[in-house]
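Remarks on the structure that follows.
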Amino acid sequence: MPLAANSGNLPLDAKHLEEAFAIFYAESQKLEAQQSALQEKINQLSDELQKSNQRLGILVNAIPAGVILLENNIVLLHNPAVLHFLPTLSAGQSFAIPSDWQQSIAPGEYLIGETDSPDSKTQKTVQVIRIDEGIRSFIQIQDITANISLHQETQRENRLSAMGKMAAGIAHQFRTPLATALLYSSHLCDDDLAPEMSKEFAQRLRKQLLDLEKLSQEMLRFISNRPSKNILTSAQQIIDEAQASIQALFESKEVELNVQCSVPSSAMLLVEPKSIPNALVAVLENALSVSKSKDSVQLQASVDTKKLIISIKDQGPGIASTIIDSLFEPFSTTSANGTGLGLSIAKNTIEAHRGTIAVENSNHGATFKITLPIASE
(Lines give C-alpha, C1' and ligand atoms only; values in the text may rest on other atoms or scores of the structure.)
Protein backbone atom coordinates (compact mmCIF):
# COMPACT_ATOMS: atom_id res chain seq x y z
CA MET A 1 0.00 0.00 0.00
CA PRO A 2 1.46 3.42 -0.89
CA LEU A 3 2.24 5.68 2.05
CA ALA A 4 0.20 8.83 2.17
CA ALA A 5 2.23 12.00 1.83
CA ASN A 6 2.00 14.56 4.59
CA SER A 7 1.44 18.21 3.90
CA GLY A 8 1.02 17.62 0.20
CA ASN A 9 4.34 15.73 -0.39
CA LEU A 10 4.48 13.04 -3.08
CA PRO A 11 4.04 9.47 -1.80
CA LEU A 12 7.26 7.57 -1.02
CA ASP A 13 7.20 3.77 -0.98
CA ALA A 14 9.08 1.64 1.56
CA LYS A 15 11.52 0.26 -1.00
CA HIS A 16 12.80 3.68 -1.99
CA LEU A 17 13.09 4.69 1.63
CA GLU A 18 15.06 1.55 2.41
CA GLU A 19 17.43 2.23 -0.48
CA ALA A 20 17.95 5.81 0.71
CA PHE A 21 18.80 4.62 4.22
CA ALA A 22 21.20 2.03 2.78
CA ILE A 23 23.01 4.70 0.74
CA PHE A 24 23.14 7.00 3.76
CA TYR A 25 24.58 4.22 5.91
CA ALA A 26 27.22 3.35 3.30
CA GLU A 27 28.30 6.96 2.96
CA SER A 28 28.41 7.30 6.74
CA GLN A 29 30.70 4.29 6.93
CA LYS A 30 32.97 5.86 4.31
CA LEU A 31 33.05 9.14 6.20
CA GLU A 32 33.86 7.32 9.43
CA ALA A 33 36.67 5.42 7.68
CA GLN A 34 38.01 8.64 6.18
CA GLN A 35 37.76 10.42 9.52
CA SER A 36 39.58 7.55 11.20
CA ALA A 37 42.34 7.66 8.56
CA LEU A 38 42.55 11.44 8.85
CA GLN A 39 42.78 11.25 12.63
CA GLU A 40 45.51 8.63 12.32
CA LYS A 41 47.38 10.90 9.92
CA ILE A 42 46.96 13.83 12.30
CA ASN A 43 48.29 11.74 15.17
CA GLN A 44 51.23 10.65 13.02
CA LEU A 45 52.03 14.24 11.97
CA SER A 46 51.66 15.43 15.56
CA ASP A 47 54.08 12.75 16.70
CA GLU A 48 56.54 13.66 13.94
CA LEU A 49 56.18 17.36 14.79
CA GLN A 50 56.82 16.63 18.44
CA LYS A 51 59.93 14.62 17.59
CA SER A 52 61.06 17.34 15.18
CA ASN A 53 60.60 19.98 17.88
CA GLN A 54 62.60 17.84 20.28
CA ARG A 55 65.42 17.46 17.75
CA LEU A 56 65.30 21.20 16.99
CA GLY A 57 65.35 21.99 20.69
CA ILE A 58 68.39 19.75 21.19
CA LEU A 59 70.11 21.40 18.22
CA VAL A 60 69.31 24.96 19.37
CA ASN A 61 70.49 24.19 22.88
CA ALA A 62 73.71 22.66 21.55
CA ILE A 63 74.84 25.54 19.33
CA PRO A 64 77.32 27.94 20.99
CA ALA A 65 75.53 31.05 19.73
CA GLY A 66 72.76 32.57 21.82
CA VAL A 67 69.28 32.25 20.30
CA ILE A 68 66.20 34.25 21.33
CA LEU A 69 62.64 34.08 19.97
CA LEU A 70 60.54 37.21 20.46
CA GLU A 71 56.88 38.02 19.94
CA ASN A 72 56.03 41.72 19.93
CA ASN A 73 59.56 42.18 21.32
CA ILE A 74 58.73 39.98 24.33
CA VAL A 75 60.98 36.99 24.99
CA LEU A 76 59.11 33.74 24.27
CA LEU A 77 62.05 31.36 24.67
CA HIS A 78 65.83 31.23 24.48
CA ASN A 79 68.61 28.66 24.59
CA PRO A 80 71.09 28.30 27.49
CA ALA A 81 73.98 29.78 25.48
CA VAL A 82 72.39 33.22 25.46
CA LEU A 83 72.84 33.43 29.24
CA HIS A 84 76.61 33.77 28.69
CA PHE A 85 75.86 37.17 27.16
CA LEU A 86 72.63 38.10 29.00
CA PRO A 87 72.66 36.33 32.39
CA THR A 88 69.40 37.90 33.60
CA LEU A 89 67.36 37.18 30.45
CA SER A 90 64.09 35.33 31.05
CA ALA A 91 60.87 34.58 29.20
CA GLY A 92 58.19 37.25 29.42
CA GLN A 93 60.48 40.27 29.60
CA SER A 94 60.99 42.92 26.93
CA PHE A 95 64.20 42.59 24.92
CA ALA A 96 66.71 45.43 24.52
CA ILE A 97 70.44 45.71 23.91
CA PRO A 98 72.07 46.35 27.33
CA SER A 99 73.16 49.95 27.86
CA ASP A 100 76.70 48.92 28.84
CA TRP A 101 77.30 47.23 25.47
CA GLN A 102 79.45 49.59 23.37
CA GLN A 103 78.92 49.85 19.62
CA SER A 104 81.82 48.37 17.66
CA ILE A 105 83.05 49.32 14.17
CA ALA A 106 80.51 47.38 12.11
CA PRO A 107 76.70 47.48 12.44
CA GLY A 108 75.32 44.88 14.83
CA GLU A 109 78.65 44.41 16.64
CA TYR A 110 79.19 45.33 20.28
CA LEU A 111 82.04 45.35 22.80
CA ILE A 112 81.13 43.76 26.12
CA GLY A 113 83.09 43.15 29.28
CA GLU A 114 85.81 45.48 30.55
CA THR A 115 85.61 47.93 27.64
CA ASP A 116 87.62 50.55 29.55
CA SER A 117 90.70 48.35 29.20
CA PRO A 118 91.30 47.53 25.49
CA ASP A 119 93.96 44.96 26.37
CA SER A 120 91.77 43.11 28.85
CA LYS A 121 91.34 39.42 28.11
CA THR A 122 87.79 39.57 29.42
CA GLN A 123 86.66 41.99 26.71
CA LYS A 124 84.63 40.37 23.95
CA THR A 125 83.18 41.39 20.61
CA VAL A 126 79.71 40.00 19.93
CA GLN A 127 77.59 40.10 16.80
CA VAL A 128 73.82 40.51 17.07
CA ILE A 129 71.71 39.40 14.08
CA ARG A 130 67.98 40.14 14.18
CA ILE A 131 65.42 38.79 11.71
CA ASP A 132 61.88 40.14 11.93
CA GLU A 133 58.91 38.13 10.60
CA GLY A 134 55.68 39.96 11.39
CA ILE A 135 55.16 40.10 15.14
CA ARG A 136 57.88 37.51 15.72
CA SER A 137 61.61 38.10 15.72
CA PHE A 138 64.61 35.78 15.78
CA ILE A 139 67.83 37.02 17.41
CA GLN A 140 71.24 35.37 17.30
CA ILE A 141 74.10 36.55 19.52
CA GLN A 142 77.53 35.20 18.68
CA ASP A 143 80.99 35.75 20.17
CA ILE A 144 83.27 36.78 17.27
CA THR A 145 86.26 37.82 19.38
CA ALA A 146 88.40 35.01 18.01
CA ASN A 147 87.42 35.84 14.43
CA ILE A 148 88.36 39.50 14.93
CA SER A 149 91.69 38.55 16.51
CA LEU A 150 92.42 36.14 13.66
CA HIS A 151 91.57 38.84 11.10
CA GLN A 152 93.89 41.34 12.81
CA GLU A 153 96.68 38.78 13.14
CA THR A 154 96.32 37.84 9.46
CA GLN A 155 96.58 41.50 8.46
CA ARG A 156 99.68 41.90 10.62
CA GLU A 157 101.30 38.79 9.16
CA ASN A 158 100.51 40.00 5.64
CA ARG A 159 102.17 43.32 6.38
CA LEU A 160 105.23 41.61 7.85
CA SER A 161 105.36 39.30 4.84
CA ALA A 162 105.18 42.30 2.54
CA MET A 163 108.00 43.96 4.49
CA GLY A 164 110.12 40.86 4.02
CA LYS A 165 109.47 40.80 0.28
CA MET A 166 110.33 44.45 -0.12
CA ALA A 167 113.68 44.35 1.71
CA ALA A 168 115.50 45.12 -1.53
CA GLY A 169 113.12 48.01 -2.15
CA ILE A 170 113.84 49.40 1.30
CA ALA A 171 117.57 49.28 0.63
CA HIS A 172 117.03 51.11 -2.63
CA GLN A 173 114.79 53.73 -1.01
CA PHE A 174 117.36 54.46 1.71
CA ARG A 175 120.49 54.23 -0.42
CA THR A 176 120.04 57.37 -2.53
CA PRO A 177 119.14 59.86 0.25
CA LEU A 178 121.82 58.35 2.51
CA ALA A 179 124.50 58.66 -0.17
CA THR A 180 123.42 62.25 -0.87
CA ALA A 181 123.42 63.11 2.83
CA LEU A 182 126.93 61.66 3.21
CA LEU A 183 128.10 63.73 0.24
CA TYR A 184 126.75 66.97 1.71
CA SER A 185 128.14 66.18 5.16
CA SER A 186 131.60 65.55 3.66
CA HIS A 187 131.44 68.97 2.00
CA LEU A 188 130.60 70.53 5.34
CA CYS A 189 133.81 69.08 6.75
CA ASP A 190 135.86 71.03 4.21
CA ASP A 191 137.67 73.88 6.00
CA ASP A 192 137.89 75.94 2.80
CA LEU A 193 134.12 75.87 2.18
CA ALA A 194 132.60 79.34 1.82
CA PRO A 195 130.00 80.28 4.48
CA GLU A 196 127.19 80.67 1.94
CA MET A 197 127.98 77.24 0.46
CA SER A 198 128.15 75.76 3.95
CA LYS A 199 124.64 77.01 4.65
CA GLU A 200 123.34 75.65 1.34
CA PHE A 201 124.89 72.21 1.91
CA ALA A 202 123.47 72.16 5.45
CA GLN A 203 119.98 72.89 4.09
CA ARG A 204 120.35 70.16 1.46
CA LEU A 205 121.59 67.74 4.14
CA ARG A 206 118.60 68.65 6.31
CA LYS A 207 116.21 67.96 3.41
CA GLN A 208 117.69 64.52 2.80
CA LEU A 209 117.46 63.64 6.49
CA LEU A 210 113.84 64.82 6.62
CA ASP A 211 113.05 62.62 3.61
CA LEU A 212 114.65 59.67 5.38
CA GLU A 213 112.65 60.39 8.53
CA LYS A 214 109.42 60.59 6.51
CA LEU A 215 110.20 57.29 4.81
CA SER A 216 110.99 55.55 8.09
CA GLN A 217 107.81 56.91 9.71
CA GLU A 218 105.69 55.71 6.80
CA MET A 219 107.29 52.28 7.00
CA LEU A 220 106.47 52.07 10.71
CA ARG A 221 102.88 53.15 10.01
CA PHE A 222 102.64 50.50 7.32
CA ILE A 223 103.79 47.74 9.69
CA SER A 224 101.79 48.67 12.78
CA ASN A 225 98.85 50.52 11.25
CA ARG A 226 95.63 49.68 13.12
CA PRO A 227 92.93 51.65 14.93
CA SER A 228 93.99 52.45 18.51
CA LYS A 229 90.93 54.22 19.91
CA ASN A 230 87.75 54.46 17.87
CA ILE A 231 85.07 57.04 18.52
CA LEU A 232 81.78 57.84 16.82
CA THR A 233 82.48 60.45 14.15
CA SER A 234 80.10 61.87 11.57
CA ALA A 235 80.79 60.88 7.98
CA GLN A 236 80.41 64.53 6.96
CA GLN A 237 83.17 65.54 9.38
CA ILE A 238 85.55 62.98 7.91
CA ILE A 239 84.98 64.33 4.39
CA ASP A 240 85.36 67.93 5.57
CA GLU A 241 88.63 67.20 7.39
CA ALA A 242 90.14 65.46 4.38
CA GLN A 243 89.13 68.35 2.11
CA ALA A 244 90.50 70.99 4.51
CA SER A 245 93.84 69.14 4.80
CA ILE A 246 94.54 69.07 1.06
CA GLN A 247 92.63 72.04 -0.35
CA ALA A 248 95.69 74.31 -0.28
CA LEU A 249 97.76 71.82 -2.33
CA PHE A 250 95.03 71.68 -4.98
CA GLU A 251 94.89 75.46 -5.13
CA SER A 252 98.67 75.78 -5.43
CA LYS A 253 98.63 73.46 -8.44
CA GLU A 254 95.48 75.13 -9.86
CA VAL A 255 93.53 71.85 -9.80
CA GLU A 256 89.86 71.94 -8.81
CA LEU A 257 88.68 69.70 -6.00
CA ASN A 258 84.96 69.15 -6.54
CA VAL A 259 83.31 67.60 -3.45
CA GLN A 260 79.74 66.29 -3.70
CA CYS A 261 78.56 64.92 -0.37
CA SER A 262 75.01 63.59 -0.09
CA VAL A 263 75.51 61.98 3.31
CA PRO A 264 72.91 62.60 6.05
CA SER A 265 74.22 64.38 9.13
CA SER A 266 73.06 61.44 11.26
CA ALA A 267 75.42 58.96 9.54
CA MET A 268 78.11 58.06 12.10
CA LEU A 269 81.24 55.92 11.75
CA LEU A 270 83.18 54.32 14.58
CA VAL A 271 86.73 55.24 13.55
CA GLU A 272 90.03 56.59 14.75
CA PRO A 273 89.47 60.35 14.25
CA LYS A 274 92.56 61.16 12.18
CA SER A 275 93.37 57.89 10.40
CA ILE A 276 90.44 57.80 7.95
CA PRO A 277 90.82 61.46 6.83
CA ASN A 278 94.55 60.76 6.37
CA ALA A 279 93.72 57.73 4.21
CA LEU A 280 91.43 59.89 2.05
CA VAL A 281 94.17 62.52 1.79
CA ALA A 282 96.60 59.84 0.55
CA VAL A 283 94.19 58.89 -2.25
CA LEU A 284 93.57 62.57 -3.08
CA GLU A 285 97.33 63.20 -3.17
CA ASN A 286 97.65 60.38 -5.67
CA ALA A 287 94.93 61.97 -7.81
CA LEU A 288 96.59 65.38 -7.53
CA SER A 289 99.98 64.00 -8.56
CA VAL A 290 98.61 62.90 -11.95
CA SER A 291 96.54 66.05 -12.55
CA LYS A 292 97.54 69.04 -14.64
CA SER A 293 96.65 72.67 -14.15
CA LYS A 294 92.93 73.34 -14.79
CA ASP A 295 92.10 69.64 -14.29
CA SER A 296 89.40 68.56 -11.86
CA VAL A 297 89.31 65.85 -9.18
CA GLN A 298 85.84 64.77 -8.06
CA LEU A 299 85.02 63.33 -4.65
CA GLN A 300 81.52 61.89 -4.26
CA ALA A 301 80.17 60.53 -0.97
CA SER A 302 76.86 58.75 -0.36
CA VAL A 303 75.25 56.16 1.91
CA ASP A 304 73.90 52.81 0.74
CA THR A 305 72.77 49.88 2.91
CA LYS A 306 74.68 50.80 6.06
CA LYS A 307 77.83 51.71 4.12
CA LEU A 308 79.55 54.98 3.37
CA ILE A 309 80.63 54.95 -0.27
CA ILE A 310 83.34 57.39 -1.38
CA SER A 311 84.37 57.72 -5.02
CA ILE A 312 87.45 59.74 -6.06
CA LYS A 313 87.87 60.38 -9.80
CA ASP A 314 90.76 62.13 -11.53
CA GLN A 315 91.42 63.23 -15.11
CA GLY A 316 94.91 61.78 -15.32
CA PRO A 317 96.26 59.15 -17.72
CA GLY A 318 94.87 56.27 -15.66
CA ILE A 319 96.75 53.46 -13.95
CA ALA A 320 99.20 51.58 -16.17
CA SER A 321 98.22 47.97 -16.77
CA THR A 322 101.64 46.85 -15.49
CA ILE A 323 101.03 48.37 -12.06
CA ILE A 324 97.27 48.39 -11.48
CA ASP A 325 97.23 44.92 -9.86
CA SER A 326 100.02 45.87 -7.45
CA LEU A 327 99.06 49.52 -6.90
CA PHE A 328 98.38 49.08 -3.18
CA GLU A 329 101.59 47.14 -2.53
CA PRO A 330 104.48 48.91 -0.75
CA PHE A 331 106.84 50.95 -2.96
CA SER A 332 104.54 50.50 -5.95
CA THR A 333 104.84 53.91 -7.59
CA THR A 334 105.72 55.54 -10.90
CA SER A 335 106.42 58.91 -9.28
CA ALA A 336 110.00 60.00 -8.94
CA ASN A 337 109.25 61.84 -5.70
CA GLY A 338 106.87 59.33 -4.11
CA THR A 339 107.72 56.61 -1.60
CA GLY A 340 105.00 54.26 -2.81
CA LEU A 341 103.71 53.76 0.74
CA GLY A 342 100.83 56.26 0.81
CA LEU A 343 98.23 54.03 -0.89
CA SER A 344 99.48 50.96 1.02
CA ILE A 345 98.95 52.75 4.33
CA ALA A 346 95.54 53.99 3.16
CA LYS A 347 94.52 50.42 2.27
CA ASN A 348 95.68 49.08 5.64
CA THR A 349 93.81 51.85 7.48
CA ILE A 350 90.56 51.30 5.60
CA GLU A 351 90.69 47.52 5.94
CA ALA A 352 91.47 47.83 9.66
CA HIS A 353 88.14 49.66 9.94
CA ARG A 354 86.35 46.79 8.07
CA GLY A 355 86.24 48.78 4.84
CA THR A 356 87.38 48.18 1.27
CA ILE A 357 89.27 50.14 -1.37
CA ALA A 358 89.54 49.39 -5.09
CA VAL A 359 90.63 51.18 -8.25
CA GLU A 360 89.66 50.99 -11.89
CA ASN A 361 90.42 52.96 -15.04
CA SER A 362 87.79 54.95 -16.88
CA ASN A 363 87.75 56.90 -20.13
CA HIS A 364 88.92 60.01 -18.28
CA GLY A 365 91.42 58.81 -15.69
CA ALA A 366 91.23 56.53 -12.65
CA THR A 367 88.49 56.01 -10.08
CA PHE A 368 89.09 54.92 -6.49
CA LYS A 369 86.10 53.48 -4.62
CA ILE A 370 86.16 53.30 -0.82
CA THR A 371 83.50 51.74 1.43
CA LEU A 372 83.28 51.99 5.22
CA PRO A 373 80.64 50.50 7.57
CA ILE A 374 78.24 52.96 9.19
CA ALA A 375 77.88 52.32 12.91
CA SER A 376 74.63 54.26 13.40
CA GLU A 377 72.20 56.59 11.63
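The values are calculated or read from the model by the stated rules, or taken from the named source; none is laboratory data. Quantities reported herein were computed from a predicted structural model and do not represent experimental measurements. Using ideal geometry, Cβ is built from the backbone for each residue, glycine included, and neighbour counts are taken over all protein chains shown. Heavy atoms of the whole protein, side chains included, go into the accessibility calculation; ligands, DNA and RNA do not. Shrake-Rupley method; radii C 1.70, N 1.55, O 1.52, S 1.80 Å.
The table below gives the values:
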item	result
Ordering of 91-101, 144-154 by packing [mean C-beta count within 10 Å, highest first]	144-154, 91-101
Cβ-Cβ FRET estimate between Gln236 and Lys369, R0 fixed at 25 Å, reported to 0.05	0.85
Sequence of Met197, Met268 when ordered by accessible area, the most exposed leading, probe 1.4 angstrom	Met197, Met268
Segment Gln123-Lys307, length gained on full extension (0.36 nm per residue, minus Cα span)	63.6 nm
Shape category assigned to the stretch 12-108 from the gyration tensor of Cα positions, a/c cut at 1.5	prolate
Protection proxy ranking, peptides 133-140, 363-370, average beta carbon neighbours within 10 Å, highest first	363-370, 133-140
27 Å Cα-Cα reach of Lys41 towards lysines, excluding residues that sit fewer than 8 places from it in its own chain	Lys30, Lys51
Ranked order, Tyr184, Tyr25 - accessible area, probe 1.4 Å, largest first	Tyr25, Tyr184
Phi-based couplings in Hz for the stretch 271-287 (Karplus 6.51, -1.76, 1.60; Gly and Pro marked x)	9, 6, x, 9, 5, 5, x, 5, 5, 5, 4, 4, 5, 5, 4, 4, 5
Largest to smallest accessible area among Glu200, Glu329 [probe 1.4 Å]	Glu329, Glu200
Cross-link table Lys253/Lys274; Lys199/Lys294; Lys274/Lys369, entries beyond 29 Å C-alpha to C-alpha	Lys199/Lys294
